Amino acid sequence: MPNAHPLIVHFPIALIFVAIAADALALWLGDRWKTGQEVATGLYAATGLSAVVSYYSGTWAIDTVSIVTPGAAQTLSAHSFWAWYTMVSTSGYALLRAAGLFIPWVRTRRAAHVVLFLLGLGTLVPMHETGENGGAMVYKRGVGVTRTQEIPAPSSPAPDSTRQDTVQQDTMQRDTVQGPAPAAGSSSPGAGAP
């Protein structure tokens with residue numbers, strides 16, 4: 001792994017789902033979970049902060065990998081755009097939720113909470129697009145995981161070394177049992193004898 005970006009990007013992905021789940025639970029339980037909105041807001045804030053760290057780790061990661069094909073460059077461009085949009089949307093949403101905690105009518109009205117919940121769900125769209133393009137860069141384009149190599153020129157297949165070794169063993173066994181074979185054209189005693 002050429003940089004830490006692949007490790008960091010999973011924090012906002014995991015946190016956004018936990019934040020949405022906590023927010024849905026807070027919405028469902030209402031007054032039975034007094035601190036539900038605060039917990040969800042804290043998780044959204046953690047998501048926004050981790051998205052900022054993830055975005056900037058990605059901008060630094062670009063310098064550590066080779067982008068050698070136009071397809072990889074195009075995918076990187078889309079990934080960068082959606083990552084920026086994810087950072088802005090999750091951070092902005094976290095600030096909106098934090099501000100809502102200090103406005104009494106936002107805290108007490110269920111309709112306001114429903115609207116905020118739906119806006120939170122909307123942050124999944126740029127997060128999904130960022131992840132799709134990031135995955136395509138790694139698994140489709142090979143960015144950060146493979147080296148670009150020249151394709152070797154076609155060559156003849158390698159000789160079958162197994163057959164060669166077997167022939168050599170047979171020759172050695174015959175020489176050991178019968179002695180060395182006479183040179184061609186020599187007339188040694190017993191030549192031609194069975």
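The values are calculated or read from the model by the stated rules, or taken from the named source; none is laboratory data. Values in this document were obtained by computation on a predicted structure and should not be read as measured data. In this analysis, Cβ positions are derived from the backbone assuming ideal geometry, glycine residues included, and neighbour counts consider all displayed protein chains.
General observations
- Qualifying residue in segment 85-92 (condition: hydrophobic (A, V, I, L, M, F, W, C), closer than 30 Å to Val145 by Cα and at pLDDT below 95): no
- Selection within segment 15-45: residues that are hydroxyl-bearing (Ser, Thr, Tyr) and within 23 Å of Met127 (Cβ to Cβ). The member of this set that is farthest from the chain's Cα centre (by Cα) is Thr41.
- Scanning segment 23-50 for residues that are surrounded by fewer than 20 Cβ atoms within 10 Å (Cβ to Cβ), free of Cβ contacts under 8 Å to residues at least 24 places away in the same chain and touching a helix residue (DSSP H, G or I) at 6+ places or on another chain (Cβ under 8 Å) turns up Leu25, Leu29, Trp33, Val39.
- So Thr75, is it at pLDDT 95 or above and closer than 20 Å to His128 by Cβ: no
- Identification of helices (runs of 4 or more DSSP H) wholly contained in segment 51-147 with 2 or more residues that are more than 18 Å from His10 (Cβ to Cβ) and touching a helix residue (DSSP H, G or I) at 6+ places or on another chain (Cβ under 7 Å) yields 70-100, 104-108, 110-122.
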